[in-house]
Amino acid sequence: MKKANFDRYLEKQLRDPTFAARFKNAGEAWDVAMQIAGLRERAGLSQKDLAKLLKTSQQQISRLESAGYAGHSLSMLRRVAEALHSRVRVIFEPVEYQTGMHVAETPAPYQVKRSAEDAGEEDTA
């Protein structure tokens, strides 16, 4: 299938380490924003309702749900999670240096099949 102009443009931009880091961080902020909004909506709350529960402003909730906002504090995320009967999990993962596009799956762990001699077993033949 032929690549769209945007796909070619994005591939070119992702070769720049600075752009690639900013692009990845934007994706992480988007994930946080969507999770907060989804949990709030599932609870049947408006931004104003959640703001009242947290004793903050509706504008602050709007910022937390904005993909461009990068000022999430762990304490505020914990307060939001508690109000929405959820929990916060932070996971640190080692950075793997790869080139090109990334896939969502980790590679399958293939192992070399060992012979009986390699495994230290006696040959019974």
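Nothing in this text is a laboratory measurement; each read-out follows from the coordinates by a stated rule. These numbers come from a predicted model, not from an experiment. Methodologically, a virtual Cβ is constructed for each residue, glycine included, from the backbone with ideal geometry; neighbour enumeration extends over all protein chains shown.
Which trypsin sites (Lys or Arg not before Pro) in segment 40-85 sit in a loop by DSSP (not H, G, I, E or B) and have at most 11 other Cβ atoms within 10 Å of their own Cβ? Could you put the intermediate results ahead of the total?
Values: sites: ARG40, ARG42, LYS48, LYS52, LYS55, ARG63, ARG78, ARG79; in loops: LYS55.
Taking segment 40-85 and a limit of 11 other Cβ atoms within 10 Å, the loop trypsin sites (Lys or Arg not before Pro) found are LYS55.
Can you give the FRET efficiency for ARG79 and ALA21, using 1/(1 + (r/R0)^6), R0 = 41 Å, r = Cβ-Cβ distance, to the nearest 0.05?
Numbers: r = 29 Å, r/R0 = 0.70.
Using R0 = 41 Å, I get an efficiency of 0.90.
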Tell me, what ³J(HN,Hα) does each residue in segment 39-44 have, in order and in whole Hz, if you take phi through Karplus 6.51 cos²θ - 1.76 cosθ + 1.60 with θ = phi - 60° and put x for Gly and Pro? 5, 4, 5, 4, 7, x
Diffing segment 56-61: the Karplus 3J(HN,Hα) column from phi (6.51, -1.76, 1.60, θ = phi - 60°), in whole Hz with x for Gly and Pro, holds 9, 9, 4, 4, 5, 5
